[in-house]
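Scroll down for the structure; my scribbles are underneath it.
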Amino acid sequence: MPEGSVIREGSTDILVPIDHSVHGPGKKMGSVFFNEQMSFNRDVSVMFLRAIGRDRMTVADAMTATGSRAVRIANEVPGTEVTANDISPSAIPYIEENIRLNSLSNCIASNKNLHILFTEESYDYVDLDPFGSPVPYIQSAVRGCAKHGILAITATDTAPLAGAHSPKCRRRYQCEPVRGYMCHESGLRILMCNIARELAKFDRGMKPLLSFYADHYFRTYVQVTEGAKAADDSLAQLGYMGHDDSTMERSISKLPDADHRLGPFWMGPLHDAGLLGRMDPAGMAEEKRCSKYLDLWRNELDDQVYVYDMSEMSSHLRMSPPRIDDFILMLNEHGRASKSHVSPTCFKTDIPLEELKVLYRESSPDRSR
Ligand SMILES: C[S@@+](CC[C@H](N)C(=O)[O-])C[C@H]1O[C@@H](n2cnc3c(N)ncnc32)[C@H](O)[C@@H]1O
């Protein structure tokens, strides 16, 4: 048996290396990677696949390390046939021990380079969870995704995607990122744009089912749609953005121009409301956190791409912020507004900017002083 200790996540026992990451993006500390903080990410996969609710589903966890996500899916999602794959030979004893610990007959260990795995086999659900950017792996994942399958992709290269390292974002994603207050939602939309473009090369499109930013990473689940029209429809959802810091003005355009240099971004929805409605946090390792995020995702305005931040409004208008919950309630009397899941100080609204500024001034506590 490989060295380590057994932890319980959800209803699954997992042998993990003693030396493992607990917080942050996580790094390989021993011979095999494990990050405790990603238990929420694995919870979401379990809730997501249960809500998909297919009678039988083949799953490839292509970069599984200890097999943690793969064995949780095999153990906690009925009807799944899981391949737990990792290129590293040191990962295999952990995967095999985790299959044994949970007495799983629907999970197999595989020790392949995923580029090879996906030329040999295709799966209904393909999961990519690399160190950093998923870009080098997306094309292979598309090949390995069966017709009408699902791609689930994590990106931990937050600095390039969120505009802290623009040259790298240009190189990796051929996108101009946004810095500042809108950086996380736009980082997520850059990742999604990249997936749509990769799928389009194969005459395939996508329908996002769930997409989010949490902790240090971006994650999206997309349903693959088939055919040239599906690909064209997805590409039609890409667009560019302009953002003037001095006025807070945001604008979008189908094509890039001098006022719309940022992007391209996925401008379509992030989630599928029906699926979110069926996701159930009961029994998850981080049940409270799952409930909180489900609430945020279900309630956020998914037809609005502009995100505003309370600090941005306050520093622009030089006024103290109202309580965000009160402010959103008030905005909903004038239009539509919701919190955004990317940050507790961010919100979305369809109210035009000039009216929004007036409403913010009226709600600021400074006004009654
Ligand atoms: C961030 S870790 C995965 C963590 C894991 N999904 C979890 O939840 O604990 C990335 C893994 O990808 C594996 N990997 C890197 N390149 C690969 C490739 N080309 N094919 C398959 N696995 C690969 C590494 O060995 C490493 O174990």
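Throughout, read-outs are computed from the coordinates displayed, never taken from laboratory work. Worth saying up front: this structure is predicted, and the values here are computed from it rather than measured. Here Cβ is always computed from backbone atoms with ideal geometry, including for glycine, and neighbour counts include all displayed protein chains.
Among residues belonging to segment 123-165 that are in contact (Cβ under 8 Å) with a residue 60 or more places away in the chain and part of a loop (DSSP other than H, G, I, E, B), point out the one that is farthest from the ligand (Cβ to nearest atom).
The qualifying residue farthest from the ligand (Cβ to nearest atom) is 144.
With the requirement that a residue be more than 8 Å from the ligand (Cβ to nearest atom) and hydrophobic (A, V, I, L, M, F, W, C), what does segment 106-115 give you? Even if it seems obvious, please write down each step before you answer.
Of segment 106-115, the ones more than 8 Å from the ligand (Cβ to nearest atom) are 106-111.
Once the filter is applied, which keeps residues that are more than 8 Å from the ligand (Cβ to nearest atom) and hydrophobic (A, V, I, L, M, F, W, C), segment 106-115 yields 107, 108, 109.
Say whether the condition of being surrounded by fewer than 17 Cβ atoms within 10 Å (Cβ to Cβ) and either within 21 Å of residue 45 (Cβ to Cβ) or more than 14 Å from the ligand (Cβ to nearest atom) (or both) is met by at least one residue in segment 176-184. Let's see the steps before the verdict.
Taking segment 176-184 and keeping what is surrounded by fewer than 17 Cβ atoms within 10 Å (Cβ to Cβ), we get 179-180.
Subsequent filtering for residues that are either within 21 Å of residue 45 (Cβ to Cβ) or more than 14 Å from the ligand (Cβ to nearest atom) (or both) retains 179-180.
Yes: one or more hits.
Here's the yes/no breakdown for (1) surrounded by fewer than 15 Cβ atoms within 10 Å (Cβ to Cβ); (2) in contact with a Leu (Cβ under 9 Å, 6 or more places away or on another chain):
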{"position": "60", "(1), (2)": "no, yes"}
{"position": "105", "(1), (2)": "yes, no"}
{"position": "109", "(1), (2)": "no, no"}
{"position": "122", "(1), (2)": "no, no"}
{"position": "127", "(1), (2)": "no, yes"}
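Taking segment 36-68, which residues are within 14 Å of the ligand (Cβ to nearest atom) and closer than 19 Å to residue 209 by Cα?
To start, the set of residues in segment 36-68 that are within 14 Å of the ligand (Cβ to nearest atom) comprises 36-46, 59-68.
Hits for segment 36-68 are 40, 41, 42, 43, 44, 45, 46, 59, 60, 61.
How many of the residues making up segment 29-58 are among the charged types (D, E, K, R) and over 18 Å from residue 75 (Cα atoms)? Let's see the steps before the verdict.
In the first step, residues of segment 29-58 are kept if they are among the charged types (D, E, K, R); the result is 36, 42-43, 50, 54-56.
Then keep just the ones that are over 18 Å from residue 75 (Cα atoms); that gives 36.
So the answer is 1.
Pick out, from segment 1-117, the helices (runs of 4 or more DSSP H) lying fully within it that include 1 or more residues that are over 20 Å from residue 221 (Cα atoms) and touching a strand residue (DSSP E or B) at 6+ places or on another chain (Cβ under 6 Å). Lay out the reasoning, then the answer.
Details: elements: 39-52, 68-76, 91-101.
The qualifying helices (runs of 4 or more DSSP H) are 68-76, 91-101.
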